[in-house]
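Derivation of every value follows stated rules applied to the coordinates shown; laboratory data play no part. Remember, predicted model here, so these are calculated numbers, not experimental data. Please note: Cβ atoms are built from the backbone with ideal geometry, for glycine as well, and neighbour counts cover all protein chains shown.
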Number of protein chains: 2
Amino acid sequence: MTDRAVLIPALKNAATRLRIDSVRSTSEAGSGHPTTCCSAADLVAALFFAEMRFDPKNPHDPDSDRFVLSKGHAAPLLYAAWAEAGAFDRSELLKLRRIDSDLEGHPTPRLPFVDVATGSLGQGICAAVGTALNARRIKSSYRTYVLLGDGESAEGSVWEAADAATAAGLDNLCGITDVNALGQSRPTMWRHDMEQFARRWRAFGWHAIVIDGHDMNAILDAYAEARSTRNQPTMIVARTIKGKGVSFVEGKEGWHGKAFKKGEELDRALAELDKQFVAVPASLNLAQQIAKPPASSRPPETPKPVAPPAYKMGEAVATREAYGTALAKLGEADSRVVALDADVGNSTFSEKFEKVLPDRFYENYIAEQVMIGASMGLAARGAIPFPSTFACFLSRAYDFIRMAAISQVGIKMAGSHAGVSIGEDGPSQMALEDLAMCRAEPNITVLYPSDAVSTERLVALAAYHPGPAYIRTSRPKTPVIYSNEEPFSVGGSKVLRESGSDVATVVAAGVTVFEALDAYERLKAAGTAIRVIDLYSVAPVDRETLVRAGAATGGRLITVEDHYADGGIGDAVSAAVADAGFTVHRLAVREIPRSGKPEELLDRYGISASHIVEAVKSVAAGKTVAATR
Amino acid sequence: MTDRAVLIPALKNAATRLRIDSVRSTSEAGSGHPTTCCSAADLVAALFFAEMRFDPKNPHDPDSDRFVLSKGHAAPLLYAAWAEAGAFDRSELLKLRRIDSDLEGHPTPRLPFVDVATGSLGQGICAAVGTALNARRIKSSYRTYVLLGDGESAEGSVWEAADAATAAGLDNLCGITDVNALGQSRPTMWRHDMEQFARRWRAFGWHAIVIDGHDMNAILDAYAEARSTRNQPTMIVARTIKGKGVSFVEGKEGWHGKAFKKGEELDRALAELDKQFVAVPASLNLAQQIAKPPASSRPPETPKPVAPPAYKMGEAVATREAYGTALAKLGEADSRVVALDADVGNSTFSEKFEKVLPDRFYENYIAEQVMIGASMGLAARGAIPFPSTFACFLSRAYDFIRMAAISQVGIKMAGSHAGVSIGEDGPSQMALEDLAMCRAEPNITVLYPSDAVSTERLVALAAYHPGPAYIRTSRPKTPVIYSNEEPFSVGGSKVLRESGSDVATVVAAGVTVFEALDAYERLKAAGTAIRVIDLYSVAPVDRETLVRAGAATGGRLITVEDHYADGGIGDAVSAAVADAGFTVHRLAVREIPRSGKPEELLDRYGISASHIVEAVKSVAAGKTVAATR
């Protein structure tokens, strides 16, 4: 450990270089947030060059300390710090925000030292909870540091993270709030009233330390105090000046998100910063002094084989219950698999996982945002997280799901109680836009099992398919229709009924598969044959099978889904067969539903077997079926 | 005011009746949450029959106190209280959860005494902030009461509401937290540690009162203390027993969301409750004693005429800036119009409204959930709220938007900075799934202006069209293409270019309108004519014009949108023309984008003029264009 009398001037110079690089790179880009970089530069310099243990050339080392920039708009500061540490050449910084550089406007995991994309405020701290939980999972001593903005602290997700970290006693997590008192459009709610921040964090069970965020000695002390604090996370609440180091913008409104203009304005800023270098012993190279993570001899985590499903044909099992069984089996075979829930584990059946693997089950109580955010952090560090709740409440975390897609992290979401088939609880508990929500993202795999066997197979497929995935399960019990050996694939489908004389193809998924099979029997009794497809992979979709079925059934395709009409299976099938020139007739929920018995609701909202029968008769007669709005 | 010695036994009996009704109605329905009703029955009885001023027969009276059941699963208790107050016949309660009754599993505004649908936890308190703000707007003394669950307090949105209420000094808002210590799957995070709740609320600036939630005297005192507290909201933190009154379930796990079985189990519960009635003077009828709201002589709020837009053809104005101008004009003409923002008013241009109408502008800082939630409450009480932020951050409040759709309340959302055309800030700031998100709900009007004139017209249309609406604006400046007198309508579109020899129809909206017009010129120079449609109303969609254009251009339709491929304009057009048998070729963003210049990104992600030119050539030659995943 270097003597502070030597260390502090060196850290001050490092901070000055970070400020200079942040100012220069944003001016070169012509946009960005130099002033918010300047406020946090001292905090980040001390963290990178006197506190964290990491290898700049190998940021993914499993025992390396993590740094999450929750205030993602300070990206230039992050990039400057990694360049200063030696991760890449400093000249790259001047490519900031260019299409040919990975140094984007806000951080994304295109950069090896970024775990999750940030830039939607209040998310980084949730991800940091996840990376801290992962340290426990792999029994590593690595610590997680997360830098938040003061304005950001208004996001409710920050307080979900606060509770989750306290409940788990995450003393390996250290937050830093950069209280520069200025938001985008005006001063923040609490300006420089430091007690407002400290008392909130203390109320939520954190150890809070208030410091001057430009006092290097105080910063180092705070990091040390955080490191030695046991059984609770620490929040360092740092009073800073926005634009610190450039006198003509320091603490001034109207400079948020503005780069200095190249020429006189930039030159003046840089000239001021240049003067702030102080004398240090020439021998001190902070980047070379960075403490490496402890040498680890971690064997790779290799999954054991999982036994095939063990259901009986015709057995009535809700897919949500089969989900729980599948997840527990998978978890026993693979130490990377973890489960998270939001106090509905006895409805989603993640409780089956908790029962056998309590150490890898994280209860988030009723806080869906931190559940998804923590899953992002866990996934970024090698876990395979399955967060579950009622499907409708995943919409609570849509912005997190959006950022998970941008981060390309493998979170495996499970939403139960989809659609009107939940019955009496009413519309607030029915997911009717979840397929639209997940399909909209270009890289989320969307799976929708109809029976217990397909559920178990799809859970395993989701686990090992790269990137984010969503599994939609249903409340009612449904009979097993697949043999335990039946193969499934991402992007596949199953033709359940077919003949040479099918007049139309009915494409169903989940609970509507059974309505379609019922319709098949009724039509068969009346002498009409139809093709029935189980579209268990909603995204990607099995275009080939759909086009083949369309061609074989006169181009007559009927989709039936327990979901609103826009953005779901109707649209997926329609887009898939567009080039073939087939017309898709859609049966879907087209209004806000109400409470009632499941079978009453399926019928009232037009997606029951009798509606399918009518639709088949209608399209076979050359008529159109479904209205659009 | 009745003497407490008389009042309290009467209130106790009222609470017992509420318990009995909650137990009976859920048993009759065969599902529901009787135990969570029992814990809150004393709190609700005192509120309805000794505290609130309201007219049971006219719940929409503008000066009537409001009650929001944030813990929506206690719906049977809410219904029982309104029946007890005389709003409807008590026998209706036994129709709970039936398809032929508006007494749904969770409350919805199908019932006249429900302002907003609840049942997604953590939302009711946000709506309550809105109804409290509305009291200020209309200068009414009405108070807002909101009942939360303890488990619910883990939702971050609760703390967004806490901050928003404190910042506005809402002393007309009183929360009650029913701390029954049991969640759905396990005890809550803090069980009966009342200080955990009180210290959080105090840290967030509320006056907190801890009481025994079954001590009627303490409850009445707490309501009185809240009523006399100035400049800050009050939270009554009430220690209760889940299942209170039915000894064999009191405080027991495993009874969440379970109705008593009809027969012995129900009979035993009812027999116990029946014994809890105490003697009261026969003359005391609490329902008749309910204090009516003060007689009001409020004139209806009638809007003044708004001057037409005043732009010059060709003038370059970003639609987001035109939004601000339009909103300020509308606000000056209509006292019901209010604006909310999440600290980006200088980017969304809601600051233009704030400048002229600061009293009707509510700054929510960086807290999108309470912004949408408060808008729901405002809309339910007669305001026309326009909440605005970056379009991508509306995804933060998707669960609220979903509940606004269920509530059928007229919130008018505005999302700026849509699509890759924002440029250098990168994907975290780009809304590319917002159209999918809003289109999925069956009753949200989705409008997408391309120039300043259409923006101004669409803002006014959104304001007065019933139900929720979403207006999507863009970051770049675009030229004015419509005359100030041009008419627009919900469900309309504009054919911008047409001839008798058009080989294809290009359907665009927002920034892609200008790419389409550019493509038109390039193709025209090469001797090819195309039809160009501005689809400014994305939902509902102008089916007639699209089908006519398709028929006139050989069934060749090309959509081009600054949005992901699934759930947006391509799907909207495809669904609209499906019955006509036309094939839609989609140009849209098909991968996670990165930072870059706007024009570079439009081109890289396949939605620029040159891509349109290529697509036209290709479809005119009979080839297909766009891949699906």
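Copy-to-copy label distances for residue B:30, where each label lies 7 Å from Cα along Cα-to-Cβ, are 6.7 nm in order of increasing length.
If you add up the charges near residue A:596, with Lys and Arg at +1 and Asp and Glu at -1, over every other residue whose beta carbon is less than 15 angstrom from its beta carbon, what do you get?
Once positives and negatives cancel, what remains is -3.
Rg/Rh for the stretch B:58-100 to two decimals, with Rh computed the Kirkwood way over all alpha-carbon pairs. Result for the stretch B:58-100 is an Rg/Rh of 0.99. Quick note on the protein assembly as shown: its Rg to Rh ratio, both from C-alpha atoms and Rh being the Kirkwood radius, is 0.96. Give the Debye-formula value of log10 I(q)/I(0) at each listed q (0.16, 0.21, 0.22 Å⁻¹), with one equal scatterer per alpha carbon of the stretch A:143-267, two decimals each. The Debye formula, applied to the Cα set alone, gives -0.78, -1.17, -1.24.
Local charge for residue A:26 was computed over the other residues whose Cβ lies under 9 Å away, with Lys and Arg +1 and Asp and Glu -1, and equals +2. What does the C-alpha gyration tensor say about the overall shape of the stretch A:256-374? Classify as rounded when a/c is under 1.5, otherwise prolate if a/b is larger than b/c, or oblate. It comes out prolate by the Cα gyration axes.
Considering every alpha-carbon pair of the stretch A:1-45, the percent of pairs per 10 Å bin, from zero through the bin containing the longest distance, is 30, 44, 19, 7, 0. Can you list, shortest first and in nm, the gaps between the label point of residue A:112 and those of its counterparts in the other copies, using a point 7 Å from Cα in the C-beta direction? Inter-copy label distances (nm, one decimal, shortest first): 6.9. Distance from the axis that maps chain A onto chain B is least for the Cβ of the chain A residue given, with the whole Å value, as A:156, 1. Each copy carries a label point for residue A:139 at 7 Å from Cα along the beta-carbon vector; from one copy to the others these points are 7.1 nm apart, nearest first.
From its DSSP helices (H runs of at least four residues, each -39,500 (n - 2.57)), chain A gives a residue-normalised ellipticity at 222 nm of -11500 deg cm²/dmol.
Pairwise Cα distances in the stretch B:244-316 exceed 21 Å in 67 percent of cases.
Answer rounded, prolate or oblate for the stretch A:1-137, using the Cα gyration tensor with square roots of eigenvalues a ≥ b ≥ c: rounded when a/c is under 1.5, else prolate when a/b is larger than b/c, else oblate. Oblate.
Under the classification rounded if a/c is under 1.5, otherwise prolate if a/b is larger than b/c and oblate if not, where does the stretch A:509-628 fall, given a ≥ b ≥ c as square roots of the Cα gyration tensor eigenvalues? Judged from the Cα gyration tensor, the stretch A:509-628 comes out oblate (a/c at least 1.5, b/c at or above a/b). Using alpha carbons only, the radius of gyration of the stretch A:326-378 set against its Kirkwood radius gives Rg/Rh = 0.95. Counting neighbouring Cβ atoms within 10 Å and putting the fewest first, the residues B:370, B:337, B:495, B:503 line up as B:495, B:503, B:337, B:370. The reciprocal of the average 1/r between distinct C-alpha atoms defines the Kirkwood hydrodynamic radius, which for the stretch A:396-487 equals 14.0 Å.
For the stretch B:99-200, the C-alpha radius of gyration divided by 2.2 N^0.38 Å, with N the number of residues, is 1.17. The fewest-to-most ranking of A:273, A:170, B:557, B:266 by surrounding Cβ atoms within 10 Å reads B:266, A:273, A:170, B:557. Scaling against 2.2 N^0.38 Å puts the C-alpha radius of gyration of the stretch A:1-76 at 1.20. Counting Lys and Arg as +1 and Asp and Glu as -1 over every other residue whose Cβ lies under 11 Å from the Cβ of residue B:222, the net charge comes to -4.
Here the convex hull built on the C-alpha positions of chain A has a volume of 158 cubic angstrom per residue.
In terms of surrounding Cβ atoms within a 10 Å radius of their Cβ, B:494, A:71, A:412 rank from fewest to most as B:494, A:412, A:71.
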